[in-house]
Amino acid sequence: MSPFWVLTQVAQSLAASDNLSIFDPASENARSIVHLAILTFAIAGLIFCVVEGILFYCLWRFRQRGEEAAGEPPQVYGSMPIELAWTLAPALIVMFLGLVVTRTLWEVKPNTPQPSRQEDALFVTVVGHQWWWEYIYERSDGKPLGFVTANELHVPFRDGATPHRVYLTLKSADVCHSFWVPRLGGKVDAIPGRANTLMLEPRQTGVFLGQCAEYCGLQHANMQIRVTVEPEAAFQEWVRNQSEPAREVASEQEGRHAFLSQSCVNCHRIRGTAANGSYAPDLTHLMSRETLASGMVRNTPDHLAAWIRDPQAIKPGCPMPAFQLTEAQQKSIVRYLLTLH
């Protein structure tokens with residue numbers, strides 16, 4: 001499998017998704033950040049125009065040369081009004097921007113409440129790994145959830161004046177990562193040994209892409225984020241499905257046995273089986289996800305088979321090795337994994 005094929009798959013994945021521009025906000029938090037950015041650009045642009053205007057005026061006014069030169073412009077020394085102007089004006093601008101930034105930070109990062117039966121919100125713990133995301137669903141609208149997914153975050157959308165709040169607790173299992181979905185909010189770091197928080201208030205449905213924004217190793221650029229914002233009814237159906245253990249399909253017992261007999265069980269978890277690892281993504285409902293390898297390729301039977309055959313060809317440096325399985329073992333494991341909806 002060539003690097004060109006991998007890059008092509010990544011490009012197709014990006015092309016099929018929503019854009020990553022902060023200037024197309026889809027949440028209250030992102031809208032506050034856009035307003036701050038526009039205000040900052042406007043002030044910086046005004047300062048630029050004033051400075052460049054004075055510069056070009058001076059170039060034009062004193063453009064004469066030789067005998068026709070107007071001479072050296074008058075020099076001003078020790079002018080109190082001028083010194084006060086160029087001292088106070090920047091100080092006032094910086095103070096104003098500081099207050100606006102503080103207000104924006106207050107808006108986009110409120111204190112996260114403790115999950116309770118009365119809290120009308122979704123609470124999810126996000127754990128960054130090299131190079132994938134783990135999502136631990138804690139509570140939703142006061143009800144405990146307790147299931148784990150990977151790489152694709154699903155959140156509900158409420159149509160009305162009050163958006164459904166999603167509180168994320170960000171952690172890291174290894175090195176520093178940074179969770180950033182531009183259209184839904186600002187970036188927040190996931191740091192080993194520390195828990196940071198982020199609140200999302202989606203204002204529209206859709207799939208929103210994000211990216212790890214802190215260099216975390218070889219595959220940092222391929223540590224994508226997918227957030228699916230869906231109507232509450234669809235979200236509740238997704239939660240119901242994710243809460244169930246893996247289905248057993250009688251016709252795929254051979255593949256199930258082949259998977260459980262490999263060392264896959266030391267890293268991956270499939271609820272309802274002996275596979276109880278926590279180092280790698282939870283595979284209980286693998287085929288309910290749109291992508292594999294943290295968004296690198298579409299989740300299709302062919303890509304799944306290629307991933308099992310040689311993960312390093314798709315994501316070089318990832319912790320999953322090629323197990324040198326026989327063709328028969330590969331096919332039976334793929335058939336089994338395809339039943340995990």
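The values are calculated or read from the model by the stated rules, or taken from the named source; none is laboratory data. If you're wondering where the values come from, they're calculated on a predicted model, not measured in any experiment. Here the Cβ positions follow ideal geometry from the backbone for every residue, glycine too, while neighbour counts run over all protein chains shown.
Here are a few things to note about the model shown:
- Of the residues making up region 242-252, those that are surrounded by 14 or more Cβ atoms within 10 Å (Cβ to Cβ) and not in a loop (DSSP other than H, G, I, E, B) are Q242, S243, E252.
- Test: residue in region 194-214 that is touching a helix residue (DSSP H, G or I) at 6+ places or on another chain (Cβ under 7 Å) and either farther than 20 Å from E134 by Cβ or β-branched (V, I, T) (or both): yes
- Whichever residue in region 299-330 is loosely packed, with under 15 Cβ neighbours inside 10 Å and charged (D, E, K, R) and, among such residues, is farthest from the chain's Cα centre (by Cα): E327
- Tabulated pairs, region 250-268, first farther than 17 Å from T326 by Cα, second of a type in the set (A, V, I, L, M), C-beta under 8 angstrom, 6+ apart or interchain: V265/A274; V265/A275; C267/A280; C267/M320; H268/A275; H268/A280; H268/L283
- The single residue among V175, V148 that is in a strand (DSSP E or B) and surrounded by fewer than 22 Cβ atoms within 10 Å (Cβ to Cβ) turns out to be V148.
- Residues of region 178-202 satisfying the condition of being in a loop (DSSP other than H, G, I, E, B) and surrounded by 17 or more Cβ atoms within 10 Å (Cβ to Cβ): V181, P182, R183, L184, G185, G186, I191, E201
- The residue that is modelled with the lowest pLDDT, among those in region 15-52 that are exposed (fewer than 13 other Cβ atoms within 10 Å of the Cβ) and in contact with a strand residue (DSSP E or B) (Cβ under 9 Å, 6 or more places away or on another chain), is A16.
- V265 passes every criterion in (1) in contact with an Asp or Glu (Cβ under 9 Å, 6 or more places away or on another chain); (2) modelled with pLDDT under 90 apart from (1).
- I333 touching a residue at least 12 places away in the same chain (Cβ under 8 Å), closer than 28 Å to C212 by Cβ, of a type in the set (A, V, I, L, M) and crowded, with 20+ Cβ neighbours inside 10 Å: no
- Options A328, A306; residue that is modelled with pLDDT under 90 and in a helix (DSSP H, G or I): A328
- Evaluation of C264 against (1) hydrophobic (A, V, I, L, M, F, W, C); (2) surrounded by 19 or more Cβ atoms within 10 Å (Cβ to Cβ); (3) in a loop (DSSP other than H, G, I, E, B) (one fails), failing number: (3)
- Residues that are over 18 Å from Q130 (Cα atoms) and either part of a helix (DSSP H, G or I) or hydrophobic (A, V, I, L, M, F, W, C) (or both), drawn from region 215-233: V227, V229, E232, A233
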